[in-house]
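Structure first, then comments.
What follows is calculated from the coordinates using simple rules that are stated; it is not laboratory data. None of the values given here were measured: they were computed from a predicted structure. Note: ideal-geometry Cβ built from the backbone for every residue, glycine included; neighbour counts use all protein chains shown.
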Amino acid sequence: MPVPALLCVDVGSTWTKGALVAPDGELLGTAQHATTPPEVLDGIAAVTSALGASSAEVLACSSAGGGLRLAVVGQERLVSTEAGYRVALSAGAKVVHVSAGEVESLRPLRADRPDVVLLVGGTDGGDEAVLLHNARRLAENRISVPIVLAGNAHARDEALGVLADRTVVATDNVLPDVGELNPGPARDAIREVFLQHVIGGKGLSRGKRFRSLVRTVTPDAVLVGVSRLAHLLATDDDPGAVLVVDVGGATTDVYSAVSTVEDTGATVALPADRRTVEGDIGMRWSAPGIVTESRAEQLIPDDTLMPAAKRRATDVDFVPSTPDESEVDIQLAALAATIAIRRHLRLVDNRLGPRGAALLILSGGVFRHAPPAALAQVEQTLRADPVLRPILRTARITTDRDYVLAPAGLLTEAGHQATATRLLSRLSQASTNRPPA
């Protein structure tokens, strides 16, 4: 009896995308449908029907309803809070709030509307006072969102007692000792909280089936796919570091996988693979932010692009209908990618190694639907940038036209590692743009 195909579905805020993958890793087809809240299962059904995949096993991820919004409450800005923040960068979460020290007012945290609070503080056996103070403040203010407790293990039981009437998931300390980051348990806990407590509260589906289908938040699936690709590319001569820039309508995300690169020894060790989110730059809702930040970064000389950017922010369904409008979209996309990668490198440190990135992947609809000449223009912009030039000097640049990174991550997490590897070979072996000699 033949093994059924696997249907990988990404339910986003705007689009529900599906990829039908054979057990041997062959991509059998892709489809997309507008996401259909308040019953997102309708969009999934439409994608399933379009691909003729009614008998396929469904693996789903989701960033619908704004994805996972996370607040980090920690002890010292440069130690435990930074450790918590860096864990969040690799957990598929959008960090919307960060506070350090003994918190008095929780009004700013409430205003940022997190889905989850990551409560950290102190190394194991170290100071307990700040962690316990902040636990009391969260309890007294009746913060209703789930809390992931990942601080000083010696204070865990007392903190759990303080937070007894809240939804709390306790896990190992993110910073068991100074300079020793332990991101895995907190990442797993954040994911479990997302699946069990967050996704069901976003009004995306009336029943329990959608929650049972979703295995992870979409950025986490993508990050797993990026990490697997880096290991696929790694050789004795080149560690195979991978960068991905995903330019969307509201945000621009950057992923980097450097687990194959030797650690350079940061004060607070970094997760090997991580993601940053730029919420002020995107192709539609946040298009004016691209122009503003490009001026601040001295990437453009004036605000000539601002009227076009404002038009896109006002009409988020805008689709270019002329060559000039398409040219503006490509200019904005290239600027968004440049700004986002610059910020990513500043925020998480440059651990791409002396060779820089082996591969840069362009993701997002603006790139997937662009003709070769437009993509060449984007490549030229990125390679010419003085900040990015050292990172991209030997990198190949390609486009994730078939959107296989999230499906590869879902397949990996579901135990279909060989299938994921074969699917990713579409990117690792694809004809890519190489740097000029």
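In a solvent-free Debye calculation with one equal scatterer on each Cα, what is log10 I(q)/I(0) for segment 106-218 at q = 0.10 Å⁻¹, listed in the order of the q values? Summing over Cα pairs of segment 106-218 leads to -0.32. Once the gyration tensor of the Cα atoms in segment 178-232 is diagonalised, the equivalent ellipsoid follows with semi-axes of 26, 16, 7 Å, ordered largest first. Here r is the Cβ-Cβ distance between Asn141 and Arg209 and R0 is 22 Å; the resulting FRET efficiency, rounded to 0.05, is 0.05.
The charge dipole of the chain, taken about its Cα centre with unit charges on the Cβ of Lys, Arg, Asp and Glu (plus for the first two, minus for the last two), comes to roughly 720 debye.
The modelled label-to-label distance for the pair Lys310/Glu325, using points 7 Å beyond Cα in the direction of Cβ, is 1.9 nm. Karplus-based coupling profile of segment 10-15, in residue order and whole Hz: 10, 9, x, 5, 10, 10, with θ = phi - 60° in 6.51 cos²θ - 1.76 cosθ + 1.60 and x standing for Gly or Pro. Using Cα atoms only, what is the angle between the long axis of helix 183-193 and the major principal axis of the chain, expressed in degrees (0 to 90) to the nearest 10? Around 90 degrees separate the two axes. Less than 5 angstrom separates the built amide H of Val58 from those of Leu7, all sequence-distant by 5 or more or on a different chain.
Per-residue extension of 0.36 nm, minus the Cα-Cα distance of Ala45 and Gln417, leaves a gain of 131.3 nm for this segment. Residues whose amide H falls under 5 Å from that of Thr399, counting only those 5 or more places apart or on a different chain, are Leu362, with hydrogens built in the peptide plane.
Principal-axis analysis of the Cα atoms of the chain puts helix 417-428 at an angle of about 50° to the longest axis.
Computed from backbone phi, the HN-Hα couplings of segment 355-367 come to 8, x, 6, 7, 8, 10, 10, 8, 10, x, x, 4, 8 Hz, rounded to whole numbers (Karplus: 6.51 cos²θ - 1.76 cosθ + 1.60, θ = phi - 60°; Gly and Pro given as x). Take every DSSP beta bridge whose two residues both sit in the chain; close to 45 percent of them are antiparallel.
Packing-based ranking of 78-87, 403-412 yields 403-412, 78-87, ordered from highest to lowest mean Cβ neighbour count within 10 Å. Express in % the proportion of alpha carbon pairs of segment 1-126 at distances exceeding 18 Å. When all Cα pairs of segment 1-126 are counted, 63 percent exceed 18 Å. The alpha carbon centroids of segment 130-170 and segment 1-33 are separated by 40 Å. In the chain, the ratio of gyration radius to Kirkwood radius, Rg to Rh, stands at 0.96 when only Cα atoms are counted. Extension gain for the segment Thr292 to Ala376, taken as residue separation times 0.36 nm less the Cα-Cα distance, is 27.8 nm to one decimal. Scanning residues 5 or more positions from Val98 or on other chains, those with amide H under 5 Å from its amide H are Val72, with H placed 1.01 Å from N in the peptide plane. Straight-line cross-link partners of Lys202 among the lysines, defined as a Cα under 17 Å from its Cα and at least 8 positions apart when in the same chain: Lys94.
For the peptides 52-59, 228-235, residues were scored by their other Cβ atoms within 10 Å and the scores averaged per peptide; the highest-first order is 228-235, 52-59. Coupling constants for segment 407-416 follow from the phi torsions by the Karplus curve (6.51 cos²θ - 1.76 cosθ + 1.60, θ = phi - 60°), and in residue order they are x, 4, x, 4, 5, 4, 5, 8, x, 9 Hz; glycine and proline get x. Taking every alpha-carbon pair in segment 93-154 and binning the separations at 10 Å intervals from zero gives 21, 58, 21, 1 percent.
Once you divide the Cα radius of gyration of segment 123-186 by 2.2 N^0.38 Å, the number left is 1.07.
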